[in-house]
Structure formats: structure tokens, C-alpha cells
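Enquirer: Okay, handing you the structure first.
The values are calculated or read from the model by the stated rules, or taken from the named source; none is laboratory data. From a predicted model like this one, the values you see are computed outputs, not experimental measurements. Note that we place each Cβ from the backbone using ideal geometry, even for glycine, and neighbour counts take in every protein chain shown.
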Amino acid sequence: MFLIFFIILIFPVNFKAETFPKIFGCFCEGGVITGNLENGSKLKIDNKQVEVFEKGRFIYAFGRKYKENVKIEINDKVKKFTVSKKKYKIENIKGLPRKKVEPSKEDLNKIISDQNKIKKAKLIGYKTRLFNEKFILPSKGRMSGFYGSQRILNSKPRRPHAGIDIAAKEGTSVIAPSSGIIKLVEEDMFFTGNTVIMDHGLGLISIFAHLKEVFVEKGEKVLQGQKIGSIGMTGRATGPHLHWGVYLNNTSVDPEVLLKYELN
Ligand SMILES: [Zn+2]
């Protein structure tokens, strides 16, 4: 009797879990999830319609402060997942030139023009997946800044850090962490200096900042591992380092998640 009861109790749970499509990536703050659904599938995440691309692909990002649970609806199936919390560091950065922390009125015009260019480059571009299953580090060096850190620049609290920093000698190679197409190449932006933005497809983009040299052009197709530039300290920087930021439709993603988790 007990055994029958046990089987009835366990079986429907297992059955349900098996029929829900496999989801890749990290259910965590700053995380990204991907999957491959049947053609014509409908997807809703937290009651919002999410685009299903060719071959049933989808991608979704959890921001820096996502709530604890996420509800995923695929056609008529519903499942709830837990989004794990992260602890964020406080980064105190001193010695930045004053004009880079408290810009003048003239500088504000340049900042707005830069930000508009970056905003445009962040918009969804290629609707095919260009990114590889796993990302690789774009440069060798010391991790000097982490995703999501609360930043205090010259004693002034500023926006959380939307990426990671890799400190290395000026001129150290910067390579493409994943395949994609170059969407923006700009010299001397106010904050990010010599800047490259790469489109990995499906709305996922990488930004590389403070570069010394740039070896790619807008529109160029770049493969994972290909040299795109070198480390510098252009823009707002206290020393030579690469800032690598990743966004999905303007939601900032933790690049370290893409190094650790396989995406479908
Ligand atoms: Zn940075």
C-alpha cells in the first residue's frame, strides 16, 4: 500500500520535470539563460512575451537585482525557478582626474553624444546566433574589477559596475571572447576611450573599453579568439586595463557567467 502511494506521489513530479524543455545558463543575478524550443513555440517569462528566434532559440537575462523567483511559460507548460543572489563588492577608486568624475558643461555634450552612439549599438541587431557555446577571457591579466560592484569614484557614489576589468600591461592583446560582428568602433569616447562594440546575435553584445589600439572595423565578422585590439588606458581609467561589459537588450550581464556556463 505504502509503495503504491509512493509511486503515485513521485511519478507525476518526475513526469512534469522531464517534459519541460532544457534550459542552459545560470539562474542567477547577472545571469543569462538560453534554450532551443520547438518551432512556433510561445514563451513568456514573468508574464512578458519573450521573442523566439529562428530554430526556436531564445535568450533571457537577469539583471543585477532580479527578484528571487522567475516564472517561465513555454506554450502550456509553466515552471518556476529560483534566481540566486549575488554579493556585490564596494569598489573605492581614487585618483581619477576630476574632470572625468565631475564633467564640465562642454564635456556633458560629448558624453550625451557618446551615450547615444552606445545606446544605438546596444539595440538588437542580428537575429541569428553568432555566439559560441562558451565565452573565453578577452585578455590575460589580473581581474581588477567585478560585475555589479558598487562604485565610489573619488569619494562619490556612482552607478554599479556593468562589466569586469582586466588589468595588464599596455599593448597586451585583446581577443574576441566569442564570435560576432563589429557594430561600433569609436575613438576617444569620454568615459570608455577607444571603444569597440561587438554583436554576438540575438541581442547579446560586448563592449570593450579603454583600448590603446583597435584592429577591427565596423561591419567586420570576427571569430572567437581573433585579435581585436590592445589594452590601454584611454577614457576614464587610472591605469591600463580592459573593461569588458556584456548586455542583452540593455540589461547588463555578468561576463563571468558566460565564461562558466554553456549556452545553447
Ligand atoms: Zn570597468
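Enquirer: Considering only residues that are touching a helix residue (DSSP H, G or I) at 6+ places or on another chain (Cβ under 7 Å) and either in the same structural domain as residue 160 (by TED's automatic domain parsing) or exposed (fewer than 15 other Cβ atoms within 10 Å of the Cβ) (or both), which ones fall in the range 23-40?
Expert: 38, 39
Enquirer: So, one more: Any residue in the range 238-264 that is more than 16 Å from residue 140 (Cα to Cα) and in contact (Cβ under 8 Å) with a residue 12 or more places away in the chain sitting within a Cβ distance under 8 Å of a residue that is of a type in the set (Val, Ile, Thr) and part of a loop (DSSP other than H, G, I, E, B)? List the pairs, counting only those 6 or more apart or interchain.
Expert: That search, which allows pairs on different chains as well, returns 249/124.
Enquirer: Something else now. When the range 83-104 is examined, which residues are found to be of a type in the set (Phe, Trp, Tyr) and more than 28 Å from residue 70 (Cβ to Cβ)? Full working, then the answer.
Expert: Pass one, the range 83-104, residues of a type in the set (Phe, Trp, Tyr): 88.
Residues satisfying the conditions do not exist here.
Enquirer: Now for a separate question. Pull up the range 152-171, narrow it to residues that are closer than 18 Å to residue 139 by Cα, in contact with a Ser or Thr (Cβ under 9 Å, 6 or more places away or on another chain) and not acidic (Asp, Glu), then point me to the one that is nearest to the ligand (Cβ to nearest atom). First the steps, then the outcome.
Expert: Going residue by residue through the range 152-171, those that are closer than 18 Å to residue 139 by Cα are 162-171.
Retained after the next criterion (residues that are in contact with a Ser or Thr (Cβ under 9 Å, 6 or more places away or on another chain)): 162-168, 170-171.
Within this subset, residues satisfying the condition of being not acidic (Asp, Glu) are 162-164, 166-168, 171.
Numbers: 162: 8, 163: 5, 164: 7, 166: 9, 167: 10, 168: 13, 171: 19 Å.
If we take residues in the range 152-171 being closer than 18 Å to residue 139 by Cα, in contact with a Ser or Thr (Cβ under 9 Å, 6 or more places away or on another chain) and not acidic (Asp, Glu), then 163 is nearest to the ligand (Cβ to nearest atom).
Enquirer: Of the conditions (1) out of contact with any strand residue (DSSP E or B) (no Cβ under 9 Å at 6 or more places or on another chain); (2) surrounded by fewer than 11 Cβ atoms within 10 Å (Cβ to Cβ); (3) in contact (Cβ under 8 Å) with a residue 24 or more places away in the chain; (4) outside the structural domain of residue 130 (by TED's automatic domain parsing), residue 47 fails just one. Which one is it?
Expert: Every condition holds for residue 47 apart from (1).
Enquirer: Among the residues of the range 74-106, write down those that are loosely packed, with under 14 Cβ neighbours inside 10 Å and assigned to a helix (DSSP H, G or I).
Expert: 98, 99, 105, 106
Enquirer: Any residue that is more than 19 Å from residue 223 (Cα to Cα) and either within 14 Å of the ligand (Cβ to nearest atom) or in a loop (DSSP other than H, G, I, E, B) (or both) - is there at least one of those in the range 132-139? Quick ask: steps written out before the conclusion?
Expert: Of the residues in the range 132-139, the ones more than 19 Å from residue 223 (Cα to Cα) are none.
For the range 132-139, residues more than 19 Å from residue 223 (Cα to Cα) and either within 14 Å of the ligand (Cβ to nearest atom) or in a loop (DSSP other than H, G, I, E, B) (or both): absent.
Enquirer: Separate question: Hey, residue 193 hits all of (1) within 14 Å of the ligand (Cβ to nearest atom); (2) within 15 Å of the chain's Cα centre (by Cα); (3) within 30 Å of residue 108 (Cα to Cα) but one; which does it fall short on?
Expert: Just one mismatch for residue 193, condition (2).
Enquirer: With respect to residue 151, determine if the residue is basic (Lys, Arg), modelled with pLDDT under 95 and assigned by TED's automatic domain parsing to the domain that holds residue 253.
Expert: On the way: basic (Lys, Arg): yes; modelled with pLDDT under 95: yes; assigned by TED's automatic domain parsing to the domain that holds residue 253: yes.
It is true that residue 151 is basic (Lys, Arg), modelled with pLDDT under 95 and assigned by TED's automatic domain parsing to the domain that holds residue 253.
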